[in-house]
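Below is one structure, written out as structure tokens, with a few remarks after it.
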Amino acid sequence: MPVNPELVGRALPPTAPYLVGREKVREFARAVFADAPQHSDSAAARALGYADVVAPPTFAMVVQDLTLQQLLGDPDSGIELSRLVHAEQRFRYSRPIVAGDELTATLSVTGIRTLGGNAMITSEAEIVDADGAHVVTTTSVLLAGEAGA
């Protein structure tokens with residue numbers, strides 16, 4: 001089944017709130033070699049004006065992944081995980097993610113471009129805090145290979 005073109009314009013339901021934990025931020029920072037002190041040391045983060053440790057910019061992927069799981073779990077999407085490559089990623093921040101944040105994300109499919117039998121699926125996830133204030137918009141491009149190829 002090809003990627004469903006009716007996905008364009010579809011907004012998925014908001015995710016359950018994700019509580020950003022201090023140890024998760026520290027673990028992620030170690031995994032991506034983000035060694036600036038504000039990523040692991042609460043006192044260093046407070047000295048910079050933050051309430052707690054600051055997540056590296058790519059940490060937003062942890063929250064965005066919850067939205068992508070919704071999309072990939074939709075049987076009508078036509079997207080086969082075994083034929084999927086994450087092709088591109090962008091972030092547009094209003095403020096950094098900090099331990100203690102409670103974040104919710106809503107994904108919208110903004111475009112599908114067919115290339116041969118493949119499809120490039122562009123989506124945006126708006127991530128907001130518990131007060132509904134914008135934190136970051138993540139943009140992903142997924143390359144879905146042709147089924148049966």
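Considering region 51-86, the residues that are among the polar types (S, T, N, Q) and open to solvent by 10 Å² or more (accessible area, probe 1.4 Å) include one that is farthest from Gly117 (Cα to Cα), namely Thr58.
When the test is whether a residue is modelled with pLDDT of 95 or more and either surrounded by 15 or more Cβ atoms within 10 Å (Cβ to Cβ) or closer than 20 Å to Arg10 by Cα (or both), Ile121 passes it.
To keep it simple, each residue is scored yes or no on (1) part of a strand (DSSP E or B); (2) more than 13 Å from Ala144 (Cα to Cα); (3) within 12 Å of the chain's Cα centre (by Cα); (4) touching a residue at least 12 places away in the same chain (Cβ under 8 Å).
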residue: Gly78; (1), (2), (3), (4): no, no, no, yes
residue: Ser82; (1), (2), (3), (4): no, no, no, no
residue: Val85; (1), (2), (3), (4): yes, no, no, yes
residue: Glu88; (1), (2), (3), (4): yes, no, yes, yes
residue: Arg95; (1), (2), (3), (4): no, yes, no, yes
residue: Thr104; (1), (2), (3), (4): yes, yes, yes, yes
residue: Val109; (1), (2), (3), (4): yes, yes, no, yes
residue: Ile112; (1), (2), (3), (4): yes, no, no, yes
residue: Ala119; (1), (2), (3), (4): yes, no, no, yes
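The set of residues in region 33-65 that are assigned to a loop (DSSP other than H, G, I, E, B) and either within 18 Å of Thr138 (Cα to Cα) or hydroxyl-bearing (Ser, Thr, Tyr) (or both) comprises Ser40, Tyr50, Ala55, Pro56. Note on region 131-149: residues that are small (Gly, Ala, Ser) and modelled with pLDDT of 95 or more total 3.
Matching residues to (1) closer than 20 Å to Glu6 by Cα; (2) of a type in the set (D, E, K, R):
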| residue | (1), (2) |
| --- | --- |
| Ser77 | yes, no |
| Leu84 | yes, no |
| Arg92 | no, yes |
| Val98 | no, no |
| Thr104 | no, no |
| Val109 | yes, no |
| Thr122 | yes, no |
| Val128 | no, no |
| Gly132 | no, no |
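When residues in region 31-48 are screened for being among the charged types (D, E, K, R) and surrounded by 12 or more Cβ atoms within 10 Å (Cβ to Cβ), 2 of them pass. Within region 124-149, take every residue that is open to solvent by less than 60 Å² (accessible area, probe 1.4 Å) and charged (D, E, K, R) and give me the one that is nearest to Leu66 (Cα to Cα). My answer is Glu124.
The values are calculated or read from the model by the stated rules, or taken from the named source; none is laboratory data. Being a predicted model, the structure only gives us computed values, none of them experimental. All Cβ positions, even for glycine, are placed from backbone atoms using ideal geometry, and neighbour counts span all protein chains on display. With ligands, DNA and RNA removed, areas are computed over all heavy atoms of the protein, side chains included. Shrake-Rupley method; radii C 1.70, N 1.55, O 1.52, S 1.80 Å.
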